[in-house]
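Reviewing the structure listed below.
The values are calculated or read from the model by the stated rules, or taken from the named source; none is laboratory data. This structure is a prediction, so every number in the text was calculated from the model and none was measured. No Cβ is skipped: glycine too gets one built from the backbone with ideal geometry, and neighbour counts run over all protein chains shown. In case anyone asks, the SASA skips ligands and DNA or RNA and just uses the protein heavy atoms, side chains included. Shrake-Rupley method; radii C 1.70, N 1.55, O 1.52, S 1.80 Å.
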Amino acid sequence: MSHIKELTKGIFKENPTFIIMLGMCPTLGVSTQVSNAIGMGASVIFVLTCSNIFISLLRKVIPDSVRIPCYIVIIASFVTIVEMVLHAFVPSVYEALGVYLPLIVVNCIILGRAEAFAGKNGVLDSALDGIGMGIGFTLSLSLIALIRETFGAGTITLFPIGSFSGVITVPGLSESPVRVLTLAAGALLLMGYLKAFFQWKTSRSKGGKA
């Protein structure tokens with residue numbers, strides 16, 4: 001049960017976006033399209049899981065005085081791998097993510113989990129923590145992007161497959177979109193409502209009043 005708890009805590013109880021409120025810059029910056037959100041989320045899952053595993057393996061070797069620089073070097077190595085893979089196989093996503101992709105190196109979620117969890121726990125729990133937190137971040141980012149793009153642009157942008165262009169047009173909304181949702185102000189407003197929902201959900205699960 002403890003392993004399941006480690007894997008699922010990042011979805012609701014310790015959701016990095018709506019509960020812990022980490023990684024806000026990429027959340028607001030790349031959540032204009034669903035495809036960008038999925039690409040960023042998948043990148044974070046890979047980097048967070050792999051870096052957690054390596055940091056956990058080396059936690060007794062890395063001196064406390066240089067642990068943060070060592071964490072950054074480990075994280076940066078996996079970010080470089082992600083950049084190379086996206087650039088080679090999904091160049092459209094690579095270009096859309098832009099500067100937010102290399103900034104994964106100093107993403108508060110990844111550094112935070114390295115410092116608070118991977119540096120103090122075993123490999124299996126650290127791997128599950130990375131996967132769970134990464135999935136929670138991906139789901140949050142995808143939800144924000146889905147709402148912003150659907151109502152703000154009247155489209156849902158996925159990945160092109162065969163004859164499918166990757167863009168789904170939403171009837172009605174494509175002609176009269178709520179443009180404010182594509183702006184930073186609209187994103188912050190949406191984040192506030194979603195955070196309130198998650199806080200309400202968390203309080204209910206703890207037996208608090210709705």
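What is the spread of the Cα atoms of the stretch 4-71 along each of their three principal axes, largest first, in whole Å?
Computed over the stretch 4-71, the largest-to-smallest principal extents equal 41, 27, 19 Å.
Please calculate how many Å² of accessible area the chain carries per residue, with a 1.4 Å probe and no DNA, RNA or ligand atoms counted.
Result: 51 Å² per residue.
Output the direction-averaged projected area (hull surface divided by four) of the convex hull of the alpha-carbon atoms of the stretch 21-173, in nm².
9.4 nm²
Placing +1 at every Lys and Arg Cβ and -1 at every Asp and Glu Cβ, with all other atoms neutral, what dipole size does the chain have around its Cα centre, in debye to the nearest 20?
800 debye
Could you state the number of Å between the C-alpha centres of the stretch 41-85 and the stretch 102-119?
About 8 Å separates the Cα centre of the stretch 102-119 from the one of the stretch 41-85.
State, as an integer percentage, the relative contact order of the stretch 100-184 based on alpha-carbon contacts under 8 Å between residues 6 or more apart.
So the answer I get is 21 percent.
To test your reading of the geometry: what angle, between 0 and 90 degrees and rounded to tens, separates the Cα axis of helix 184-205 from the longest principal axis of the chain?
60 degrees
Principal axes first, then extents: for the Cα atoms of the stretch 127-210, list largest minus smallest coordinate on each axis, whole Å, largest first.
The principal-axis extents, from largest down, are 47, 33, 20 Å.
Compare Phe197, Phe78, Phe89 by solvent-accessible area with a 1.4 Å probe and give them largest first, with all protein chains kept in place. Spell out each step's value before the answer.
On the way: Phe197 95, Phe78 25, Phe89 165 Å².
Sorted descending by solvent-accessible area, the residues read Phe89, Phe197, Phe78.
What angle do you read, to the nearest 10 degrees and between 0 and 90, between the alpha-carbon axis of helix 67-89 and the longest principal axis of the chain?
40 degrees
Of Tyr100, Tyr193, which has the most accessible area and how do the rest follow, probe 1.4 Å?
Ranking Tyr100, Tyr193 by accessible area, largest first, yields Tyr193, Tyr100.
Roughly what angle does helix 34-57 make with the longest principal axis of the chain, taking Cα atoms, 0 to 90 degrees, to the nearest 10?
0 degrees
For the chain, the longest stretch holding no trypsin sites (Lys or Arg not before Pro) located in a DSSP loop with at most 10 other Cβ atoms within 10 Å is which? Don't jump to the answer; show the numbers that get you there.
Working: sites that count: Lys60, Lys206, Lys209.
In short, 61-205.
Could you look at the stretch 85-143 and say what percent of its accessible area is carbon and sulfur, using a 1.4 Å probe and all protein chains? Walk me through the numbers on the way to the answer.
Values: 1750 of 2480 Å².
Of all accessible area on the stretch 85-143, carbon and sulfur atoms account for 71 percent.
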